[in-house]
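The values are calculated or read from the model by the stated rules, or taken from the named source; none is laboratory data. Computed from a predicted structure; not experimentally measured. Note that we place each Cβ from the backbone using ideal geometry, even for glycine, and neighbour counts take in every protein chain shown. Accessible surface is based on the protein model in full, side chains and every heavy atom, while ligands, DNA and RNA are left aside. Shrake-Rupley method; radii C 1.70, N 1.55, O 1.52, S 1.80 Å.
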Amino acid sequence: MSDTPLLDWLHSLPFAAGLLLVCAAFVAPTLLGSYLLQPRVAKLFRGERDINTVLGFLLNAFALYFGVLLALLSIAVFENHNKAEDAVVREAAAIIKLYRDIHSYPEDARPELLGVLDRYVDEVIGPGWKIQQRGEVNPKEIAILGSLHMVLGKFRPSGLGESVRYAETLRVMDDFVEARRLRISAGSSSIPRIMWFVVLVGVVMNTILIWMFDMRPFTHAIIGGTLSMFIALVIYMIAVLDAPFRGDYGVRPDAIAAIHSQSAMHR
């Protein structure tokens, strides 16, 4: 999806601050409710025979479905994150192949091709990466790619050897464009808001179910606080990985940035 992630603002916070804020948002209401609301909620079921056992079965069933949902979301964001990283690595590999293919071209054809490729790499790892982090398409990259296509189109191979190299360059160019498209697409992937809505409603239902148990407020606070803390940690992990290129745990252009330091490169 191209929608902004629901908890996108977490990416602008330091790790410790974001984690503490999310945990506090889940644990504090649970603890307050354990002392202020729980006695009133539990009073509604007081007198029912073995109500804690019934509620225990209900909580187990709810926890199963809610746990599966959180597990699926965790797997989804990990897959999106890995796909984004693979796309960056694939793009870097294609660029390196282009550099090496161009080095085998006649000397008079190299400077212009290498210059355009240099401009592209500098744009991607520089200003273009901030645009990538927002999940948007960088028009400057498109313009540079257009220039690269034009320069390649002007080259006229002479002889069978150059023709073979030129055909291979065009094939690698196709791989390069495909990898770039995958990178751009990965930047706009995020969990649908309806799933976040279900998760947050599930958190509230989980807390209310715990309040229904007929126990002392302190016991409620320990049990509810522990569960809320764990759920908060899982949700924070999902939120910070939801946008693959954002925040401290976002994918970095290291694979592309390392191209200029490769021994086979001209820089």
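Taking 0.36 nm per residue of sequence separation and removing the Cα-Cα distance, the V54/L31 pair yields an extension gain of 6.0 nm. Here the calculated FRET efficiency for T219 and N82, from their Cβ-Cβ distance with R0 = 45 Å, stands at 0.60, rounded to the nearest 0.05.
When you have a sec, figure out the Kirkwood radius of the chain from all distinct Cα pair distances and drop it here in Å to one decimal?
22.1
Compared with the dominant principal axis of the Cα atoms in the chain, helix 193-211 is inclined by about 20°.
What does a probe at K154 reach in segment 84-108, counting residues whose amide N is under 15 Å from the point 7 Å along Cα→Cβ? Backbone N within reach: 106-108.
Counting protein heavy atoms only, the chain has 66 percent of its accessible area on carbon and sulfur, 1.4 angstrom probe. If R0 is 51 Å, the Cβ-Cβ spacing of R252 and F62 corresponds to a FRET efficiency of close to 0.85.
3J(HN,Hα) along segment 26-40, derived from phi through the Karplus expression 6.51 cos²θ - 1.76 cosθ + 1.60 where θ = phi - 60°, amounts to 9, 7, 4, x, 5, 5, 4, x, 4, 9, 9, 9, 4, x, 6 Hz, with x in place of Gly and Pro. Taking L117, L55, L44 in turn, the Gaussian network model of the chain (Cα-Cα springs below 10 Å) assigns the largest fluctuation to L44.
Report the extension gain between D174 and S104 in nm, rounded to one decimal, defined as 0.36 nm multiplied by the number of residues separating them, less their alpha carbon distance.
Additional length available on full extension: 23.3 nm.
Straightening the chain between M205 and V89 buys 37.5 nm, computed as 0.36 nm per residue apart minus the Cα-Cα spacing.
In a reduced charge model with +1 at each Lys and Arg Cβ and -1 at each Asp and Glu Cβ, the chain shows a dipole moment near 600 debye about its Cα centre.
Any idea what the dipole of segment 87-238 comes to, in debye rounded to 20, about its Cα centre with Lys/Arg Cβ at +1 and Asp/Glu Cβ at -1? If you can, show how the numbers build up before the last one.
On the way: 17 positive and 16 negative charges, 67 e Å.
That gives segment 87-238 a dipole magnitude of about 320 debye.
Taking the average, over residues, of other Cβ atoms within 10 Å as the packing measure, peptides 211-218, 136-143, 158-165 rank 211-218, 136-143, 158-165 from highest down. When V234, V54 are compared by accessible area at a 1.4 angstrom probe, the order from most to least is V54, V234. Here the dipole of segment 8-153 is about 960 debye; that uses its Cα centre as origin and unit charges on the Cβ of Lys and Arg (positive) and Asp and Glu (negative).
The residues of the chain expose, per residue, 53 Å² of accessible area to a 1.4 Å probe.
The angle separating the long axis of helix 217-242 from the principal Cα axis of greatest extent in the chain is about 10 degrees.
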